[in-house]
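Reviewing the structure listed below.
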Amino acid sequence: MADATGAQPFFTRSGEQLLPAGHADSPWAPNMMHGRLFGGLLARELETEHGDEQFHFARLTVDLFRSARLDPVRTTSTRVRDGRRIRVADAEVRAGDSVVARASAVLLRRGAHPAGTVVETQPWDAPRPEDLPGPRERTQGWIPPFDTWMLDAHNEPCADLGAGTARRAWLRDRHPLLAGEPVSPFVRAALAADFASPLANYGADGLEYINADYTLTLSRLPISEEIGLESTGHVSDDGVAAAECTMHDTAGPIGFCTVTAVSNASSH
């Protein structure tokens, strides 16, 4: 079932099961489900079961500790804490009897903003997507199911992440996550956050790290379909990397994403 634009969804529902489409695959292996979709499914589960207009999703931590084939999956969640100003919930993605990914979310009650000023992260100077050449096109290898505009630190367009020069990017998903449902702003941010690892960890010899998790923190939800990421830090030692990106929409910064990743050098 395609959406109104004709784009095929990543998943269709069959009872409690979510059936993946072929384009839900990963660049690591042709029959492996892409980890970013776990983040999207977990965010959707948490938002559907625990979202509230009075609360804001301030943090989402996604643990990616097991790969899954392009087989049916299902999501479940649990309310951990329901306080006056804070709500905490956990969620899992299961493939068969195995948990393949999990997430925890912190929701904070919206309220009056403090009158005092705090030095804030400023909007970046990256050109908006409509002011750039068309999104990157790839015709060989794994073809990403999202539009990307790569920029170096001087806002010059890059063909790809080659040589680690691209440190800024705009992303725009081309497919709905689940048939019959629009992608919510929270789910859109969760899907984009997975790109923080390749953007921050790509080096001169390619991407030699596989991300194990990511933590997305948001002061507000994105208002545009395009999500911007700017790599703002990378440190690594003994095959373990920690990295971070600032997240943007077309109106300004919305939060941050931190990731941990493990070396994949042994597979080369």
Any idea of the accessible area per residue across the range 92-161, 1.4 Å probe, to the nearest Å²?
-> 65
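Quick one: with all protein chains in place, what share of the accessible area of the range 160-208 is carbon or sulfur, to the nearest percent (1.4 Å probe)?
Working: 770 of 1580 Å².
Its accessible area is 49 percent carbon and sulfur atoms.
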Computed [θ] at 222 nm, deg cm²/dmol, the chain (DSSP H ≥ 4; -39,500 (n - 2.57); rounded to nearest 500) = -3500 deg cm²/dmol
When the charge dipole of the chain is computed with +1 on Lys and Arg Cβ and -1 on Asp and Glu Cβ about the Cα centre, the Cα farthest towards its positive end, among THR121, VAL235, LEU218, belongs to LEU218
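Restricting to Cα pairs below 8 Å that are 6+ residues apart, what does the relative contact order work out to for the range 210-262? Please round to a whole percent.
On the way: 114 pairs, mean separation 24.2, N = 53.
Across the range 210-262, relative contact order equals 46 percent.
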Using the charge dipole of the chain (Lys, Arg: +1 at Cβ; Asp, Glu: -1 at Cβ; taken about the Cα centre), state which of PRO20, ALA200, LEU107 has its Cα farthest towards the positive end.
-> LEU107
Output ³J(HN,Hα) for the range 78-87: one whole-Hz value per residue in order, computed from phi by the Karplus curve 6.51 cos²θ - 1.76 cosθ + 1.60 with θ = phi - 60°, and x for Gly and Pro.
-> 9, 7, 8, 8, 9, x, 5, 10, 9, 10
Dividing the convex hull volume of the alpha carbon atoms of the range 140-268 by its residue count, what do you get in Å³ per residue?
-> 119
Residue among PRO30, SER98, VAL88 farthest towards the positive dipole end of the range 1-131, charges placed on Cβ | VAL88
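Excluding ligands, DNA and RNA, what is the solvent-accessible area per residue of the range 1-76 at a probe of 1.4 Å, expressed in Å²? Intermediate results must be reported in sequence, preceding the final value.
Details: 3610 Å² over 76 residues.
Using a 1.4 Å probe on heavy atoms only, each residue of the range 1-76 averages 48 Å².
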Size of the dipole of the chain about the Cα centre, Lys and Arg at +1 and Asp and Glu at -1 on the beta carbon, nothing else charged, in debye to 20?
-> 780
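Between THR232 and THR78, how high is the FRET efficiency from 1/(1 + (r/R0)^6) when r is the Cβ-Cβ distance and R₀ = 35 Å? Nearest 0.05. The partial results should precede the final answer.
Values: r = 33 Å, r/R0 = 0.95.
So the FRET efficiency works out to roughly 0.60.
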Contact order relative to length of the range 171-268, as percent, for alpha carbon pairs under 8 angstrom and 6 or more apart | 30
Using only the Cα atoms of the chain, what do you get for the radius of gyration and for Dmax, in Å?
-> 18.1, 54
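Tell me the per residue accessible area of the range 169-232 using a 1.4 Å probe; a whole number in Å² is fine. Please report the intermediate quantities before stating the final value.
Values: 2160 Å² over 64 residues.
Value for the range 169-232: 34 Å² per residue.
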Dipole magnitude (debye, nearest 20) for the range 165-268, charges at Cβ of Lys, Arg, Asp, Glu | 320
Each residue of the range 15-25 in turn: what ³J(HN,Hα) in whole Hz from Karplus with 6.51, -1.76, 1.60 and θ = phi - 60°, glycine and Pro shown as x?
-> x, 7, 8, 10, 9, x, 8, x, 7, 7, 6
What percentage of the solvent-accessible surface of the range 1-138, computed with a 1.4 Å probe over protein heavy atoms, is contributed by carbon and sulfur atoms?
-> 48
Could you tell me the distance between the Cα centroids of the range 198-268 and the range 7-71, to the nearest Å?
-> 18
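The values are calculated or read from the model by the stated rules, or taken from the named source; none is laboratory data. Since the model is a prediction, treat every value here as computed from it, not as a measurement. All Cβ positions, glycine included, derive from the backbone under ideal geometry; neighbour counts span all protein chains shown. With ligands, DNA and RNA removed, areas are computed over all heavy atoms of the protein, side chains included. Shrake-Rupley method; radii C 1.70, N 1.55, O 1.52, S 1.80 Å.
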